[in-house]
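See below for the structure under consideration.
The values are calculated or read from the model by the stated rules, or taken from the named source; none is laboratory data. It should be emphasised that the depicted structure is a prediction, and the values quoted were computed from it without experimental measurement. Here the Cβ is made from the backbone with ideal geometry for all residues, glycine too, and neighbour counts use every protein chain on show.
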Amino acid sequence: MPPVLSAVELTKRFGEITAVTDLSFDLDAGSVTGFLGPNGAGKTTTMRLFLGLAEPTHGRALVFGRPFAELERPGSRVGAVLEAADLHPGRTGRDHLRVLAPVAHVASSRVEDVLALVDLKGAADRRVKGYSLGMRQRLGLAAALLGDPELLILDEPANGLDPEGVRWLRDFLRGFAAEGRTVFVSSHLLAEVAQTVDQVVIINHGRLVVESALNELTRRLAGTVRVEAATPDALEAALRNAGVTAERDNGALHVHGVTADRIGEIALAANVALRQVVTESPTLEDVFLELTAEPPS
Amino acid sequence: MREQLVSELRKLRTTRTVAVFLLVAVGLTLLGAFAEGLSPTLDELAEEDQQRMLIGGAATQAIFLATFVGLLAVTNEFRYGTIRPTLLFEPRRRVVLAAKLAAAALVGILFAVVCVALAFGAGLAILAARDVDLALTGGHALVLVCGPVAASALSAMLGVTVGALIRNQVGAIVALAAYSLAVESVLFLTFPAVGRLLPGQAGNALAGLPDEDLLAPGLGAAVVVAWTLAFVAAAVARTERSDV
């Protein structure tokens, strides 16, 4: 079975500006993948390339092994929400879905189902111009779900949602993936997706930074170990001799790049008594900042 | 294709655009009928050409406004971004364009049927009120019924292609209005031999307007169809290639 999504040396230029450069990654079914990067990293462009809304300058963007335009009844394979504003303000929520129902090859009853699913039944007959950003997001999601797709592609879906809405979205996406379906969700805020995603694809300046399972990523990047010793000066000297850097913070030392075990060994060899050793695992935010940091110029 | 057409027709039904434009067309048709029916003297009104202006001239409002409905059917999608959901469910852009052309043509026919019926009703009522006999021959009457319907359908399709080519709503409206109300009229008045070959004047010929400088209705039809085909070809080329 081909990967659900596959970027192959994907490059997109807009005139002088290169939005995506030589991007390659695959996505397997049944996962929630966070597509992360700062604003302007090329996330939306990449999604548009996958969805056939833009043509790659070079390389290929494949969905279920094929270019999007070659999918039969794409609405029943892929659901996507790119911008919450992709709605006609003068049309009601229900009519927005009724317009799309024939091309999604679903009956009108399905419109009512998805309205109920995103909790918009009460506002369905109001014109979209009176909707909050969160309601627009939910209406966009309802449209994406019309055809009961196997893959959801969502661009910054948490924008405009209140904390309750974010929690609802998280539970919904987990449930969606638990049925063996696949979610590809972009965000520039890690905290938003940290509890939702199984794996991450991080890009910056249109280039792949890392593609990894979430837990592997946090494990791979060693955290900081905070050590308190009876004689901090002696410990700092011993660490320096072992080639380990540490920062002094009052009586404590913040040690980077080594495990607590190794610090214990160094302290033992130097005859320093340790009072407290705490491993501070990195937050996803730290990982993100570290990976997308500009190289010093 | 059938599903896409149903979707396009629902798009047109679920906003107020079509209703508002139809209402304007109805108003302008009635206004035109009163102007052409009440200002001429009784002798003038008894002439067939004046009666053709009374009925046919009023119906041209349908054609003009149907063009804008076609234009808005495309530019609204770009203005509000609904083109993205549209293409996610039907990525074959040719199919979407064809459905939009068909839906716009149907709206054009609706506009023309309503306006022609109104123009005939108002025209005949004015003639009766002023006690003038109907001087229309059967052939001219037939052209005044069928011509605007065909011209309005083709104009709405032309509007779709202009929208697909320009995309920016304000730009497309300004371009179309400036062209129809200024460029083409001036050209037609100064160089009728050239001006009558332009789509708007060829459409007026097809609609059966009595003007010596216009082409014959059949020739006008051929010229409008040729323009429409050329614009459809250009719109297909632009739609197939560009990013949205």
Among (1) touching a residue at least 40 places away in the same chain (Cβ under 8 Å); (2) within 14 Å of chain A (Cβ to nearest Cβ); (3) in a helix (DSSP H, G or I); (4) farther than 20 Å from B:Ser180 by Cα - the single one B:Thr75 does not satisfy
(4)
Going residue by residue through region A:70-79, is there one that turns out to be in a helix (DSSP H, G or I), buried (at least 19 other Cβ atoms within 10 Å of the Cβ) and more than 10 Å from chain B (Cβ to nearest Cβ)?
no
Which of the residues that make up region B:5-55 are within 14 Å of chain A (Cβ to nearest Cβ), basic (Lys, Arg) and touching a residue at least 40 places away in the same chain (Cβ under 8 Å)?
B:Lys11
All but one of (1) modelled with pLDDT of 95 or more; (2) assigned to a loop (DSSP other than H, G, I, E, B); (3) surrounded by 15 or more Cβ atoms within 10 Å (Cβ to Cβ) hold for A:His105, so report the exception by its number.
(3)
Checking the structure you have, find out if any residue of region A:81-88 is over 23 Å from A:Leu49 (Cα atoms), part of a loop (DSSP other than H, G, I, E, B), charged (D, E, K, R) and at the interface with chain B (Cβ under 10 Å from one of its Cβ atoms).
no
Give B:Pro85, B:Pro91 a once-over and let me know the one that is over 25 Å from B:Ala151 (Cβ atoms), within 13 Å of another protein chain (Cβ to nearest Cβ) and outside any helix (DSSP H, G or I).
B:Pro91
Looking at region B:94-102, is at least one residue more than 14 Å from chain A (Cβ to nearest Cβ) and surrounded by 24 or more Cβ atoms within 10 Å (Cβ to Cβ)?
yes
Among the helices (runs of 4 or more DSSP H) contained in region B:167-244, which hold 1 or more residues that are out of contact with any helix residue (DSSP H, G or I) (no Cβ under 9 Å at 6 or more places or on another chain)?
B:169-178, B:184-190, B:192-195, B:217-241
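Does region A:131-149 hold any residues that are part of a loop (DSSP other than H, G, I, E, B) and either away from chain B (no Cβ under 14 Å) or polar (S, T, N, Q) (or both), and which are they? Can you show your working first?
As a first pass, look at region A:131-149 and keep what is part of a loop (DSSP other than H, G, I, E, B): A:131-132, A:146-149.
Passing the criteria: only A:Ser132.
Yes/no matrix, rows are residues, columns are (1) at pLDDT 90 or above; (2) out of contact with any strand residue (DSSP E or B) (no Cβ under 7 Å at 6 or more places or on another chain); (3) surrounded by fewer than 21 Cβ atoms within 10 Å (Cβ to Cβ):
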| position | (1), (2), (3) |
| --- | --- |
| A:Ala143 | yes, yes, no |
| A:Glu150 | yes, no, yes |
| A:Asp155 | yes, no, no |
| A:Gly180 | yes, yes, yes |
Count - residues of region A:108-130 that are surrounded by 14 or more Cβ atoms within 10 Å (Cβ to Cβ), assigned to a helix (DSSP H, G or I) and more than 14 Å from chain B (Cβ to nearest Cβ):
5
Odd one out for B:Leu23, checked against (1) of a type outside the set (Phe, Trp, Tyr); (2) surrounded by fewer than 16 Cβ atoms within 10 Å (Cβ to Cβ); (3) over 19 Å from the mean Cα position of the chain (by Cα); (4) more than 25 Å from B:Asp243 (Cα to Cα):
(3)
